[in-house]
Amino acid sequence: MIPVKVDKISYHSKSKSYAIILKEIEGDKCMPVIIGSFEAQSIALAIEEIETPRPLTHDLICDFITALDVSLKAIKIYSLNEGVYFAKIIIVSERMGEKIIDARPSDAIAVALRMHTPMLVSKKVFEKASVEEKLLFQEKKRKKINEDPLPRLKKEMELAVEKEEYELAAELRDKINKLEV
């Protein structure tokens, strides 16, 4: 498992949602995770340690953990299937031992930040979904008005096939086919 921290939250215009950027603690690779606006707000509040007048859902979960004399051991993002991440929350107590609870990564992260608990990503998921930090935040080059997008799309498709990202390659193939007609 690779320990990560929340590096940044940014708006993802394509999906009209937010991307949380998880960065490995010892390294320079990042992993974007698309999350909803409510979860982004909750995570931002946890990062800034802002208290709300009434408990939000993630605050309530933390209150339950504390009230039941249970400890949050860690959260783990353990799987990535068709673009969907899967996470679990690991709690432990003397009476119950260790329990694993299924969770959405965004909820698990929101709780972990509030309880100052380790956030871990499986090596397999991190290798599949991570990119170098400098590539993630590179400024997008502006396209020239008359630039033909076909060579760029074909190159992107080749790279996707090389990286065995077949779903992306299929999407690119379909875009190429539409432009070539």
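What the table shows:
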item: Residues HIS58, HIS116, sorted so that the one with the fewest Cβ neighbours within 10 Å comes first; result: HIS116, HIS58
item: Rounded FRET efficiency, nearest 0.05, which uses the C-beta distance separating ASP102 from THR57 and R0 of 25 Å; result: 0.95
item: Potential extension, LYS134-ARG95 segment - 0.36 nm per residue separation minus Cα distance; result: 9.4 nm
item: Built amide H within the under 5 Å cut-off of ILE35, gap 5+; result: TYR18, ALA19, ILE20
item: Computed Kirkwood radius, in angstrom, where 1/r is averaged over Cα pairs of region 36-143; result: 15.5
item: The chain - mean residue ellipticity at 222 nm from DSSP helices (-39,500 (n - 2.57) per run, n ≥ 4, rounded to 500); result: -12000 deg cm²/dmol
item: Members of LYS16/LYS124; LYS8/LYS29; LYS5/LYS124 lying beyond 22 Å, as alpha-carbon distances in this model show; result: LYS16/LYS124
item: Calculated Rg and Dmax of the chain using C-alpha coordinates, Å; result: 19.5, 68
item: Fewest-first ranking of LEU56, LEU22, LEU113, using other Cβ atoms within 10 Å as the exposure measure; result: LEU56, LEU113, LEU22
item: Cβ-Cβ FRET estimate between LYS73 and GLU49, R0 fixed at 30 Å, reported to 0.05; result: 0.90
item: Net charge of neighbours whose Cβ lies under 13 Å from the Cβ of SER122, counting Lys and Arg as +1 and Asp and Glu as -1; result: +3
item: Sorted by Cβ neighbour density within 10 Å, fewest at the top, the residues THR52, THR57; result: THR52, THR57
item: Residues VAL84 and HIS116, FRET efficiency given R0 of 35 Å [Cβ-Cβ distance, rounded to 0.05]; result: 0.85
item: Percent RCO, i.e. relative contact order, over the chain, from Cα pairs under 8 Å lying at least 6 residues apart; result: 19
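Each value in this text was obtained by applying a stated rule to the coordinates, not by laboratory testing. What you are looking at is a predicted structure, and each value in this text was computed from that prediction instead of being measured. Every residue, glycine as well, gets a Cβ built from its backbone with ideal geometry; the counts of neighbours run over all protein chains shown.
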